[in-house]
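Everything on this sheet refers to the single structure shown next.
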Amino acid sequence: MALAIAILEKAHQRSNFDCGRLILDNYIKRLASQDVKRDLAVCYVLCDSPDNTVLGYYTLSSHSIKLEELPEELVKKLPAAYADIPTILLGRLAMGKAHQGKGLGQYLLIQALNQCAGLSERMGILAVMVDPIDEKAASFYKAYGFTALPGSDRMFMTVKTILASQQG
Ligand SMILES: CC(C)(COP(=O)(O)OP(=O)(O)OC[C@H]1O[C@@H](n2cnc3c(N)ncnc32)[C@H](O)[C@@H]1OP(=O)(O)O)[C@@H](O)C(=O)NCCC(=O)NCCS
């Protein structure tokens, strides 16, 4: 099986995508291409190159959060004049059930984080945000260094942390 990450196109086969979470299955089957068309997200798919079957996917969008949403120790280091803090939203991430547990979810996450780190060389980005779908997803992200925003299920990882983990 030859695997490649590509930007979602019509030719990508996704009608049988099943990651175990209906909302994420429906997203790639029905909604992702509309979000892409409307410039709301870019959807990256991990596909099996001979027949273009989508094995997994993630989406990235530009995003911002309010300064006061961040943990106090981070807020202290930032100028109060920046009420909106530039971030990237890793909006969705899913691996098909048949391919889970083989390191491919990790591969997708690391690709996404590397892309965000690359973008941060060209534009200001403080952190990458995720909205874990459930506790399991939150523990997956936690294992890679994401932490929860105070009083929220939303999690973040600063670009500085991503860059440091690339070096370590
Ligand atoms: C979460 C998901 C993307 C992980 O993909 P995967 O291919 O099964 O994960 P991998 O095989 O790459 O696992 C990588 C590592 O993460 C760990 N891991 C996987 N799921 C985990 C979880 N829920 N909690 C903690 N660690 C987890 C694995 O044990 C592995 O660690 P190891 O290398 O030390 O053994 C996949 O299970 C999925 O799509 N789930 C349904 C949708 C979902 O929850 N998406 C998350 C975003 S909302």
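Spacing of the modelled spin labels on Glu135 and Ile23, each 7 Å from Cα toward Cβ, amounts to 1.7 nm. Our coupling estimate for the stretch 148-160, obtained by passing each phi through the Karplus curve with A = 6.51, B = -1.76, C = 1.60 and θ = phi - 60°, is 6, 5, x, x, 9, 7, 5, 10, 9, 9, 6, 5, 4 Hz, Gly and Pro reported as x. Once the Cβ-Cβ distance of Ser15 and Ala81 is raised to the sixth power relative to R0 = 41 Å, the FRET efficiency obtained is 0.25.
Diffusion coefficient of the chain by Stokes-Einstein, Kirkwood radius over Cα pairs, 10 °C, 1.306 mPa s: 95 µm²/s. Residues of the chain were split at every exposed loop site, defined as GluC sites (Glu not before Pro) in a DSSP loop with at most 15 other C-beta atoms within 10 angstrom, and the longest piece left, sites excluded, is 10-120.
With a cut-off of 11 Å on the backbone N, the residues of the stretch 4-36 near the modelled label site 7 Å out from Ala98 along Cα-Cβ are 16-18.
Express in nm, to one decimal, how much length is gained between Gln166 and Ala4 on full extension, taking 0.36 nm for each residue of separation and deducting their alpha carbon distance.
Details: separation 162, 0.36 × 162 = 58.32 nm, distance 2.12 nm.
Here the answer is 56.2 nm.
Estimated purely from DSSP H runs of n ≥ 4, each contributing -39500 (n - 2.57), the mean residue ellipticity at 222 nm for the chain is -8000 deg cm²/dmol once divided by its residues. The charge dipole of the stretch 3-167, taken about its Cα centre with unit charges on the Cβ of Lys, Arg, Asp and Glu (plus for the first two, minus for the last two), comes to roughly 200 debye.
Computed from Cα positions, the angle between helix 104-119 and the longest principal axis of the chain comes to roughly 50 degrees. Quick one: if you stick a label point 7 Å off each Cα along the C-beta vector at Leu74 and Asp48, how many nm between them? The two pseudo-label positions are separated by 3.8 nm.
What Kirkwood Rh does the stretch 45-134 have if only Cα atoms enter the pairwise 1/r average? Answer in Å.
Numbers: mean 1/r = 0.0674 Å⁻¹.
Kirkwood radius, the stretch 45-134: 14.8 Å.
The number of Lys pairs in the stretch 3-167 with C-alpha atoms less than 27 Å apart, excluding pairs fewer than 8 positions apart on the same chain, is 23. Restricting the stretch 1-108 to trypsin sites (Lys or Arg not before Pro) that sit in a DSSP loop and have at most 11 other Cβ atoms within 10 Å of their own Cβ leaves Lys10, Arg38, Lys76, Lys77, Lys102.
Where a number appears in this text, it was derived from the coordinates with a stated rule and is not lab data. Only a predicted model underlies this, so the values are computations on that prediction, with no experimental measurement involved. Glycine also receives a Cβ, built like all others from the backbone with ideal geometry; neighbour counts cover every protein chain displayed.
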